[in-house]
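Peer 1: Pasting in a structure now, in structure tokens, and then I'll have a few things to ask.
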Amino acid sequence: MNTVTVDVAKKTVSVGGGAVWKDVDEKAAKYGLAAVGGTVNHTGVGGLTLGGGYGWLSGEHGLTIDNLLAATVVLADGTMVRASATEHEDLYWALRGAGYNFGVVTEFVFQAHDQPNPIWSGIVAFTPDKLEAVIDSLNATVQNPDPRSGAMCIFAQPPGAPGPMVNVLVFYNGTREEGERRFAQLLALGPVVNTIAVIPYEQLNGLQNPMATYGGRKSFKGVYFQPPLNTKFIRGVFEEFCALNAAHEDLTPAILLEFYDMRKTCSVPLASTAFANRSPSLNGLLNLRWNDESKDGFYRGWARELQAKFKAQFDAQVGAGTGDVPQYINYAEPGDVVVNNIYGENFPRLQKVKAQYDPTNVFSKMHPIVKRD
Ligand SMILES: Cc1cc2nc3c(=O)[nH]c(=O)nc-3n(C[C@H](O)[C@H](O)[C@H](O)COP(=O)(O)OP(=O)(O)OC[C@H]3O[C@@H](n4cnc5c(N)ncnc54)[C@H](O)[C@@H]3O)c2cc1C
């Protein structure tokens, strides 16, 4: 279930339903190819793809599902079908964004892309007084988008640091000179740590692995924001984050804010796949990790409150009730602020496809397609 085979002539990769992205990145790289996968390479291909999926290559090539050519699926009644643009088209449509609801995918076939060159990436860390300037520079990259580039701002306390730092993971699919030119404003702010290097593509999605380890108790909550990210708002978030971090020694918290070029993702019509979140809003994550079970409620409650503040900020900036779905489904958990509307305007068609392929609702663990009032 974790095998990966490459068709060099067609530039496609066929991936077992149990593979992780490391399997794909490493195999494709042997042929000078890359697929649009996640930014932490021990994430599963299955869940990430079925909920849309994106990563560093999305600026150039769109979502993971926008590169999904076919899937082999075992349905609830045990039959095995292939879904593609010409076979079981309704299922193919539904798998791309609501895919955990229809069966077990045993194989995904992705369009891969030429990736002959190494890439420019690494972490630059700034002291907290630089927060506004860092965010200004990242906002500027979104205002002047480049599909080959992306960045993540990460609030976290690196090992050995006296407190939380403003860390930025930068990416440029090109040379050192191109990367440095692209992020000149950020680099001019004087990072106290700089790990940027030119590395093979297949190493890129391993860079965050030391921060995304197994074990412990965790809360993983998605937030969203409208660029340009408001610096006054984010200063308040950072202060809250620092207070939480200082008060709880057993806690390892991090907040991630993504700055990607969304144009390619937004260029695909909303109704052409089940994925409901094609909008220029950007995503973030509240990641908390601890060991003491008795603190579950407190930490999850803290994250939920902060999530609501992000939503309030977004609504104030954009206007509530637009009908759009700004929440990324793969970053959403039950109890999150907009989960009731996670499929947006694609929901009625999803109900029909669900009735056809899984009428007894066998596949219902993750964002189930259930009748709403
Ligand atoms: C550390 C970390 C980093 C992340 N980075 C990114 C990122 O860069 N980009 C991004 O888009 N998302 C990212 N995510 C979110 C990620 O997409 C979701 O957490 C996703 O659910 C992970 O899928 P999984 O298969 O690993 O998880 P699982 O929990 O195993 O699966 C999630 C759901 O998918 C179903 N599923 C999994 N495989 C199959 C299959 N073959 N057939 C049918 N159903 C299946 C499962 O039953 C479950 O309902 C990240 C998550 C983590 C924890």
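The values are calculated or read from the model by the stated rules, or taken from the named source; none is laboratory data. The shown structure was predicted, so the numbers you read here are calculated from the model rather than taken from an experiment. Here Cβ is always computed from backbone atoms with ideal geometry, including for glycine, and neighbour counts include all displayed protein chains. Remember, those area values only see protein heavy atoms, side chains included, never the ligands or the DNA or RNA. Shrake-Rupley method; radii C 1.70, N 1.55, O 1.52, S 1.80 Å.
Yes/no matrix, rows are residues, columns are (1) touching a helix residue (DSSP H, G or I) at 6+ places or on another chain (Cβ under 8 Å); (2) within 11 Å of the ligand (Cβ to nearest atom); (3) hydrophobic (A, V, I, L, M, F, W, C); (4) within 20 Å of Ser272 (Cα to Cα):
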site	(1), (2), (3), (4)
Val36	yes, yes, yes, yes
Val40	yes, yes, yes, no
Val45	yes, yes, yes, no
Glu60	yes, no, no, yes
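Peer 1: Could you identify the single residue in Asn167, Asn144 that is loosely packed, with under 15 Cβ neighbours inside 10 Å and either closer than 24 Å to Asn283 by Cβ or not assigned by TED's automatic domain parsing to the domain that holds Gln203 (or both)?
Peer 2: Going through Asn167, Asn144 in turn, just one is loosely packed, with under 15 Cβ neighbours inside 10 Å and either closer than 24 Å to Asn283 by Cβ or not assigned by TED's automatic domain parsing to the domain that holds Gln203 (or both): Asn144.
Peer 1: While we're looking at this one, here's another question. Can we say Leu57 is under 21 Å from the mean Cα position of the chain (by Cα) and aliphatic (A, V, I, L, M)?
Peer 2: Numbers: under 21 Å from the mean Cα position of the chain (by Cα): yes; aliphatic (A, V, I, L, M): yes.
For Leu57, the condition - under 21 Å from the mean Cα position of the chain (by Cα) and aliphatic (A, V, I, L, M) - is met.
Peer 1: Something else about it: Between a first residue in the range 203-219 that is assigned by TED's automatic domain parsing to the domain that holds Ala254 and a second residue that is open to solvent by 40 Å² or more (accessible area, probe 1.4 Å) and in a loop (DSSP other than H, G, I, E, B), which pairs have beta carbons less than 8 Å apart while being 6 or more apart in sequence or on different chains?
Peer 2: Hits for this filter: Asn209/His42; Ala212/His42; Gly216/Asn291; Arg217/Asn291; Arg217/Asp292.
Peer 1: How many residues, within the range 70-114, are within 26 Å of Gly32 (Cα to Cα), of a type in the set (Gly, Ala, Ser) and touching a helix residue (DSSP H, G or I) at 6+ places or on another chain (Cβ under 6 Å)?
Peer 2: Counting residues in the range 70-114 that are within 26 Å of Gly32 (Cα to Cα), of a type in the set (Gly, Ala, Ser) and touching a helix residue (DSSP H, G or I) at 6+ places or on another chain (Cβ under 6 Å) gives 3.
Peer 1: Specify which of the listed residues (Lys232, Lys264) is more than 14 Å from the ligand (Cβ to nearest atom), more than 20 Å from Asp136 (Cα to Cα) and either open to solvent by 60 Å² or more (accessible area, probe 1.4 Å) or at pLDDT 95 or above (or both).
Peer 2: Just one listed residue meets the conditions, Lys264.
Peer 1: So, in the range 1-33, exactly how many residues are within 14 Å of the ligand (Cβ to nearest atom) and not charged (D, E, K, R)?
Peer 2: 13
Peer 1: For the range 212-264, which residues satisfy the criterion of being acidic (Asp, Glu) and in a strand (DSSP E or B)?
Peer 2: Our first condition is that a residue be acidic (Asp, Glu); within the range 212-264, this holds for 239-240, 249-250, 258, 261.
Selection gives Glu258 alone.
Peer 1: Could you please give the count of residues in the range 84-108 that are more than 18 Å from Gly18 (Cβ to Cβ), open to solvent by less than 50 Å² (accessible area, probe 1.4 Å) and hydrophobic (A, V, I, L, M, F, W, C)?
Peer 2: Residues that pass the stated criteria total 4.
Peer 1: Do you know which residues across the range 163-211 are in a loop (DSSP other than H, G, I, E, B) and within 16 Å of the ligand (Cβ to nearest atom)?
Peer 2: The answer is Asn173, Asn205, Gly206, Leu207, Gln208.
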